[in-house]
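Engineer: Below you will find the structure I want to go over with you.
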2 protein chains.
Amino acid sequence: MTTLSQLPLPPDAGGAQALATTLAHAILSGKWASGETFPRERDLCEHFSASRNRVRNALAELSGSGLIERTAGRGTVVRDIEDWHLLDPQMSEWMAGLEAPHPQLVREVFAFRLSAEPFVSELAALAATGQDLARIESALVGMCDSAADPARREEHADHDVAFHDAIYRASHNLVWRQMGLLLRPSIVALIQHSHHQAGSLDDSLERHRQVFDAIRLRDPEAARDATERVLARTAADLGVEHGTRPLTRPASLPD
Amino acid sequence: MTTLSQLPLPPDAGGAQALATTLAHAILSGKWASGETFPRERDLCEHFSASRNRVRNALAELSGSGLIERTAGRGTVVRDIEDWHLLDPQMSEWMAGLEAPHPQLVREVFAFRLSAEPFVSELAALAATGQDLARIESALVGMCDSAADPARREEHADHDVAFHDAIYRASHNLVWRQMGLLLRPSIVALIQHSHHQAGSLDDSLERHRQVFDAIRLRDPEAARDATERVLARTAADLGVEHGTRPLTRPASLPD
DNA sequence: ACTATACGAAATGTCTGACATTTATTCCAG
DNA sequence: CTGGAATAAATGTCAGACATTTCGTATAGT
């Protein structure tokens, strides 16, 4: 839709970054189709009653994350979802702040986790230091602690993210570590969609603890299996199945 | 080193992005230690004879990639390498343009490839479309074509990157696809370090072709094995070994 | 002597208005 | 109908002033 700037969003009073967040959320929500021209700077200035400077800084952030492409004389166009920098931490923040996450993105990110995270757990089991273990355990304790009260869902999600992020960290590879930031959107989406599932929490906590135990005992195989079980439950809760095709890795049967 | 702005780099005449590249290269080369204060805007303006606007835009890019952190009143400090956004495509470009890449980064990126890429090849063997195959083959032909002439090293590197990138694309997952952009630096580094190795090119081409054949025949296991062989040769050329520990993934033997 | 408050220097953040540059369109001559 | 120059519209850049945050310092009070 060539949605005019009027419809999508109310004005904003925060700094430049707040404006960027507002616009990013609009794009992530699919307000503009790929290839469509974005509103001009002038109009954005007017609509948000912001200086051109703030608008330009905000647009620069969007451009830096691959959401839009700006060329002098032509204007600003929204880029295809394939060109978005999904691994940009800022992007993860934007996605996590979205109330209704882009369905395709959630599926894609989760499919990635499904394939990669068991392997990361293997690495963690081999490379984790005492500090790493402490971090993982601390997150686990936080999850258990905030599990009872349904009013502390947000806190619980934070600890959940911290748990998995700590595992990525424990791989002791900078690249894998960066990917831990991808988790937040998918976990937040999970929490939102599965809150009505009763009693699944105890089960989830138990599975998480098994991952921790396996890593603590330096048992890569067990860590991989336990992580697969955690993700399998999550996949079921999210209704994701293992979307396209391969669950984790085809041992020997191609089809 | 509290290297003054004098020493590191000659002035620049390009746009704002060019300046960002210059500064990024300086940081990636380790001219400033982590936590150290970066030169003030004023000094950068003077040294590069650039307007404050360009300097600010450049610094904003660096900040967006996690290289620096700016806070009003305090100044600009260089962030720790652990906080750099290695998966930001811009970062890959900067690293690729560096004549002497950061040794730790090359090792980390390659360690990541070593662990992940065989798996990506499995995915590609399962999900590749005809178009994907065409893309991979085209890159392979380009590699063969430019292999003979040592003066076309750059072109050869481009085709090499295109080959591996096409495989990441063929996984048909947006997250893995984004990671294909990580390859350029490590491949460029490889080309620079292995140009004196005679006769290794034919061998390398043959291994690449085997990867392609396996994907074309929809054989995930063969694709994984072939990719492992490609990377093993690359690792040997780079002198990386498989640094920390795990080569690809312990099928059943933990050690 | 020590603490607490107030002041001021120094850095980044923001606003404003003008001008430069690139791109697509339009209009006119050939 | 085609080619090219003028024009309009968008983003990119510059310059200067002002606002805001932070830290150090001086000063007064206890």
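Engineer: Give me the inter-chain shielding for B:173-183: mean count of other chain Cβ atoms within 10 Å, whole number please. Numbers along the way, then the final one.
Structural biologist: Values: counts 10, 13, 13, 5, 5, 9, 6, 0, 2, 2, 0.
That works out to 6 on average.
Engineer: Report the GluC sites (Glu not before Pro) located in region A:49-117 that are in a DSSP loop and have at most 11 other Cβ atoms inside 10 Å of their Cβ, or state none. Before the final figure, lay out each step's value.
Structural biologist: On the way: sites: A:Glu61, A:Glu69, A:Glu82, A:Glu93, A:Glu99, A:Glu108; in loops: A:Glu99.
Taking region A:49-117 and a limit of 11 other Cβ atoms within 10 Å, the loop GluC sites (Glu not before Pro) found are A:Glu99.
Engineer: Separate question: Can you give the relative contact order of region A:89-238 as a percent, counting alpha carbon pairs under 8 Å and 6+ residues apart?
Structural biologist: On the way: 181 pairs, mean separation 51.0, N = 150.
In percent, rounded to a whole number, it is 34.
Engineer: For A:Trp84, enumerate residues with amide H under 5 Å from its amide H, sequence gap 5+ or separate chain, H modeled in the peptide plane.
Structural biologist: none
Engineer: Which residues does a label at A:Glu137 reach in region A:144-168, if reach means a backbone N under 12 Å from a point 7 Å past the Cα toward the Cβ?
Structural biologist: none
Engineer: Determine how many Å³ per residue the convex hull of the Cα atoms of region B:100-238 encloses.
Structural biologist: Hull volume normalised by residue count: 91 Å³.
Engineer: Now for a separate question. Show me A:134-141, B:71-78 ranked by packing, highest mean number of other Cβ atoms within 10 Å first.
Structural biologist: On the way: A:134-141: 17.6, B:71-78: 12.1.
Highest-to-lowest ranking by the protection proxy: A:134-141, B:71-78.
Engineer: Something else now. Which distance in nm do the two modelled labels at A:Ala18 and B:Ser29 give, with both placed 7 Å along the Cα-to-Cβ direction?
Structural biologist: 4.2 nm
Engineer: Provide a whole-number value for the mean count of partner chain Cβ atoms within 10 Å of the Cβ atoms in peptide B:86-92. If you can, show how the numbers build up before the last one.
Structural biologist: Working: counts 6, 11, 10, 7, 4, 2, 0.
Partner-chain Cβ atoms within 10 Å, mean over residues of B:86-92: 6.
Engineer: Would you kindly work out, in nm and rounded to one decimal, the distances from the label point of A:Arg70 to those of the same position in each other copy, ordered shortest first, with label points 7 Å along Cα-to-Cβ?
Structural biologist: The answer, with the shortest distance listed first, is 1.4 nm.
Engineer: Same structure again: Please say if region A:49-175 is rounded, prolate or oblate, where rounded means a/c under 1.5 for a ≥ b ≥ c the square roots of the C-alpha gyration tensor eigenvalues, and otherwise the choice is prolate for a/b larger than b/c and oblate otherwise?
Structural biologist: Working: a/c = 2.43, a/b = 1.83, b/c = 1.33.
Taking the square roots of the gyration eigenvalues as a ≥ b ≥ c, region A:49-175 is prolate.
Engineer: If you take the Cα atoms of region A:16-83, find Rg, then find the Kirkwood Rh from the mean of 1/r over all pairs, what is Rg/Rh?
Structural biologist: Values: Rg = 11.0 Å, Rh = 11.8 Å.
On the Cα set of region A:16-83, Rg over Rh gives 0.92.
Engineer: What length, rounded to one decimal in nm, is gained on full extension from B:Gln192 through to B:Arg209, with 0.36 nm per residue of separation minus their alpha-carbon distance? Write out the running numbers ahead of the final one.
Structural biologist: Working: separation 17, 0.36 × 17 = 6.12 nm, distance 2.20 nm.
Between B:Gln192 and B:Arg209, full extension yields an extra 3.9 nm.
Engineer: Can you list the copy-to-copy distances for A:Glu46, using a point 7 angstrom from Cα toward Cβ, in nanometres, shortest first?
Structural biologist: Once sorted, the set of distances for A:Glu46 reads 4.4 nm.
Engineer: Given the C-alpha centroids of region B:103-148 and region A:81-155, what is the distance between them in whole angstrom?
Structural biologist: Their Cα centres are 27 Å away from one another.
Engineer: Let me ask another. Using a label position 7 Å from Cα in the Cα→Cβ direction, what is the ascending list of nm distances from A:Gly35 to the same site in the other copies?
Structural biologist: The answer, with the shortest distance listed first, is 5.2 nm.
Engineer: Compute the length gained on full extension between B:Ala100 and B:Arg70: take 0.36 nm times their separation in residues and subtract their Cα-Cα distance, giving the result in nm to one decimal.
Structural biologist: Values: separation 30, 0.36 × 30 = 10.80 nm, distance 2.70 nm.
Length gained between B:Ala100 and B:Arg70: 8.1 nm.
Engineer: Follow-up question, since we're still on this one. Given H placed 1.01 Å from N in the peptide plane, which residues other than close sequence neighbours of A:Thr76 have an amide H under 5 Å from its amide H?
Structural biologist: Under 5 Å from the amide H of A:Thr76 lie the amide H atoms of A:Phe38, each far enough along the sequence or on another chain.
Engineer: Further question on the same structure: Could you quickly flag the chain A residue whose beta carbon comes closest to the rotation axis taking A to B, and that distance in whole angstrom?
Structural biologist: Nearest residue, distance rounded to whole Å: A:Leu87, 2.
Engineer: Here's a follow-up. Please compute the modelled spin-label separation between B:Cys144 and A:Arg42, points set 7 Å along Cα→Cβ, answer in nm with one decimal.
Structural biologist: It is 5.6 nm.
Engineer: Let me ask something additional. Which whole-Hz ³J(HN,Hα) couplings does region B:63-72 yield from phi under the Karplus relation 6.51 cos²θ - 1.76 cosθ + 1.60, θ = phi - 60°, glycine and proline marked x?
Structural biologist: 3J(HN,Hα) across region B:63-72, in whole Hz: 5, x, 9, x, 6, 10, 10, 10, 9, 4.
Read the figures in this text as sums done on the coordinates, not as results from a lab. Not measured: the values here are computed from a predicted model. Virtual Cβ from ideal backbone geometry, glycine too; neighbours counted across all protein chains shown.
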